[in-house]
Amino acid sequence: MATTECPECKSKKLIRDYEKGELICGSCGLIISEGIEDMGPEWRAFDAEQKEKRARGGAPIKFMRPNKGLVTEIDKYNRDIRGAKISSKKQAQLYRMRKWHKRVSIATSMERNLAIALAELDRVASYLGLPDDIKESAALLYRRAVKEELIRGRVIESIVAAVIYAICRINGIPRTLDEISKSSGIEKKEIGRAYRFIKAELNLKVPLTNPSYYVQKFATSLNLSGDVQKKAIALIKKAVKKGLISGRGPTGVAAAALYIASAMVGEKRTQKEVADVAGVTEVTIRNRYRELKKELGLKVNL
């Protein structure tokens, strides 16, 4: 435990002399301890510019990289430090070095699994337009699943898709199972099964998806105005307060709210148009429409 006061005079005025490695009481002069370590940098800077130039640190950890970005890589440019092209003999030497470096870097089954999975994760997440921080979160969750041996006997691509879906839901990003299924090439049922499995095994706290998250996305595809969006969100808020969305798919509720709001504002869209955009059936929209109309006392005829 670090010393905070002088044991002799109880003064808290302590002086750290790093040149002599001593901790001294500033009141009575008692040397409290010797051989203290200087935890600061080994260089000195006399202004902000020098400090910025001399400060250094390694690259940040990247969970999207199989080796977390902590391994040296041999580039493929075949040029020296001055940009001049290196000889054919050196190129052949570097080729052999790259080959063995790759083999050593991906030696175990876990490393091979990560190399395949993270490449697939990057592909699907990029297709969905997800930012880098979401990719990193998804990669970290996938690593947890690998560590807990939840991948064994399961298709890597389905777990990757499930992890992306889970992270999107946790961060409130409106991405449907249909979108993830389309981008990953995995059936929606398989992604849902894998999602429920990792959610239970890793004890993930995934909040209920608010249907309001999908309103702007669907409204933009349907070319609906901001007034329609506001009306739809207001309807959803009332439905949430009355507990009408419990056990209902958020995309279906959002689609029904937009369907009603578009008629109220005078920008009516058909059930088929809304269903195609939301990725739900017309029957689902009709059922949610009837529930909202009845429970919220809406005066609208469609």
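The values are calculated or read from the model by the stated rules, or taken from the named source; none is laboratory data. No experiment lies behind these values; they were computed from the predicted model shown. FYI the Cβ positions are ideal-geometry reconstructions off the backbone, even for glycines, and counts take in every protein chain you see.
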Yes or no: the range 71-88 includes at least one residue that is surrounded by 11 or more Cβ atoms within 10 Å (Cβ to Cβ), at positive phi, assigned by TED's automatic domain parsing to the domain that holds D133 and at pLDDT below 80.
no
Flagged in the range 157-179 as within 21 Å of L118 (Cβ to Cβ) and among the hydroxyl-bearing types (S, T, Y), in numbering order, are S158, Y165
Does the range 194-210 contain at least one residue that is surrounded by fewer than 23 Cβ atoms within 10 Å (Cβ to Cβ), closer than 19 Å to I285 by Cβ and free of Cβ contacts under 8 Å to residues at least 60 places away in the same chain?
yes
Hey, among the residues in the range 162-182 that are β-branched (V, I, T) and either in the same structural domain as V280 (by TED's automatic domain parsing) or assigned to a loop (DSSP other than H, G, I, E, B) (or both), which one's surrounded by the most Cβ atoms within 10 Å (Cβ to Cβ)?
T176
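Residue by residue, here is whether (1) surrounded by fewer than 14 Cβ atoms within 10 Å (Cβ to Cβ); (2) farther than 28 Å from R103 by Cβ; (3) touching a residue at least 12 places away in the same chain (Cβ under 8 Å); (4) in contact with a Lys or Arg (Cβ under 7 Å, 6 or more places away or on another chain) holds:
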position: N113; (1), (2), (3), (4): no, no, yes, no
position: I116; (1), (2), (3), (4): no, no, yes, no
position: P131; (1), (2), (3), (4): yes, yes, no, no
position: V146; (1), (2), (3), (4): no, no, yes, no
position: L150; (1), (2), (3), (4): no, no, yes, no
position: V155; (1), (2), (3), (4): yes, no, yes, no
position: V160; (1), (2), (3), (4): no, no, yes, no
Given (1) under 26 Å from I61 (Cα atoms); (2) touching a residue at least 24 places away in the same chain (Cβ under 8 Å), R175 misses just (1)
Do the conditions hold for G243, that is, is it crowded, with 16+ Cβ neighbours inside 10 Å and not assigned by TED's automatic domain parsing to the domain that holds G129?
no
Quick one: how many residues across the range 236-273 are within 31 Å of the chain's Cα centre (by Cα), more than 22 Å from I173 (Cβ to Cβ) and assigned to a helix (DSSP H, G or I)?
2
